Amino acid sequence: MPPLLALPFPAIDPVAVAIGPLQIKWYALAYIVGLVGGWFYAKRLVSAPGLWGAVRRPTPLDIDDLIVWVALGVVLGGRIGYVLFYNLAAYLAHPAEILAIWRGGMSFHGGFLGAVLALVLFARRRGLNWYAMLDLAAVVVPIGLFFGRLANFVNGELWGRPAPDFAYAIVFPNGGPLPRHPSQLYEAFAEGLVLFLVMAIAVRRFGFRRPGLLGGIFVVGYAVARTTCEFFREPDPQLGFLFGTHVGALGGGITMGMLLCVPMLLIGAVFIVRALRGDTRPRARLAGEAAAESTEATSA
């Protein structure tokens, strides 16, 4: 019998769509919805010239091609990141399991790095400002984060820490008998919904006129949101707590997720500072603007 202060885990089939032997699980569907939603939103943003100023904006066709690059970067980076950061010893013992993506095991931080690499390579190939392309991705990424965390909840994975006295705790099917925080829903709210609203406000306020600014805001915002939610999330069993078991205001501990957010926070802060100083704007365009202003002053 579950404890008195606990909610039953909703009986949701992990398979969203089944057509004969073909099965599409909620997790795969979350990736698809996140990518398609991000693609649609990105095309709307590149169709608004007022957001870009002097920065060269990608065309809608560029966005169509970019989605393929980003999808590969997310999947490959997410898997490689999970292998390296979370379970290297096990995969070294069974290297064939590295390719078994359908069995789960993806790292956001690895997927983030993979997507960044794909964006930089794509921008260089198309002659675009790669800081601005990172900004564009930063605005749309929370869509995928939101649906991805909901899929984690449906799958009954990445559950929270024990919370026997919390009225809305849930006993997860594979999480033992103790009621736990539904930390996947906390992350869907903080990393998905809240961060999406923050980025939507930021893009309307600043646009893409200062390349790197929106990307920096996203990275800092994600690091703060993820670190906060990690206090409620059970650490990966193969790693546990990295530095003791009672570090932090909520009696938790330092986890790998928290540790990986530290460089994100620092890099995001650097991006924000450089963008505000104008270091990331196209030099050729700046020189042209300065020359035009000088000509106008001479004519006057």
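Worth a mention:
- Under 12 Å from a label point set 7 Å out along the Cα-to-Cβ vector of LEU259, the amide N atoms of segment 67-91 belong to 85-88.
- Relative to the longest principal axis of the Cα atoms of the chain, the long axis of helix 213-230 lies at roughly 10 degrees.
- Measuring between their Cα centroids, segment 182-197 and segment 136-171 lie 7 Å from each other.
- MET264 sits with roughly 10 Å² accessible to a 1.4 Å probe, with DNA, RNA and ligands left out of the calculation.
- Counting heavy atoms of the protein chains alone, GLU230 has an accessible area of about 10 Å² for a 1.4 Å probe.
- Computed on protein heavy atoms with a 1.4 Å probe, the accessible areas place ARG161, ARG204 in the order ARG204, ARG161, largest first.
- Accessible area, probe 1.4 Å, largest first, for residues ARG277, ARG180: ARG277, ARG180
- Dipole check for segment 133-281: with +1 at the C-beta of Lys and Arg, -1 at the C-beta of Asp and Glu, and the Cα centre as origin, the magnitude is about 700 Debye.
- Rounded accessible area per residue of the chain, 1.4 Å, Å²: 53
- 5 angstrom amide H check on ARG180, placed H, neighbours 5+ away: ALA163, ILE170, VAL171, PHE172
- Using 0.36 nm per residue and subtracting the Cα-Cα separation, the extra length available between ALA89 and GLN238 on full extension is 52.7 nm.
- For ARG210, solvent-accessible area (1.4 Å; no DNA, RNA or ligand), Å²: 110
- Listed residues PHE218, PHE85 arranged by accessible area, highest first, probe 1.4 Å: PHE85, PHE218
- Extension gain from LEU276 to GLU97, taking 0.36 nm per residue of separation minus the Cα-Cα distance: 60.0 nm
- Folded to 0 to 90 degrees: helix 60-86 orientation relative to the chain principal axis, Cα: 40
- Placing unit charges on the Cβ atoms of the charged side chains and taking the dipole of segment 133-281 about its Cα centre, the candidate lying farthest along the positive direction among ASN152, PRO235, VAL262 is VAL262.
- The C-alpha atoms of the chain define a longest principal axis, and helix 195-206 lies at about 10 degrees to it.
- For the chain, the 222 nm mean residue ellipticity estimated from helices alone, with every DSSP H stretch of n ≥ 4 adding -39500 (n - 2.57) and the total spread over all residues, rounds to -19500 deg cm²/dmol.
- Förster-model FRET efficiency, 30 Å R0, ILE12 and ALA200, C-beta, rounded to 0.05: 0.55
- Carbon and sulfur %, accessible surface of the chain computed with the full protein complex present, 1.4 Å: 70
- Fully extending the segment from ARG44 to TYR168 would add 40.8 nm, taking 0.36 nm per residue of separation and subtracting the current Cα-Cα distance.
The values are calculated or read from the model by the stated rules, or taken from the named source; none is laboratory data. Being a predicted model, the structure only gives us computed values, none of them experimental. Note: ideal-geometry Cβ built from the backbone for every residue, glycine included; neighbour counts use all protein chains shown. Just so you know, the surface numbers come from the protein's heavy atoms only, side chains and all, with ligands and any DNA or RNA stripped out. Shrake-Rupley method; radii C 1.70, N 1.55, O 1.52, S 1.80 Å.
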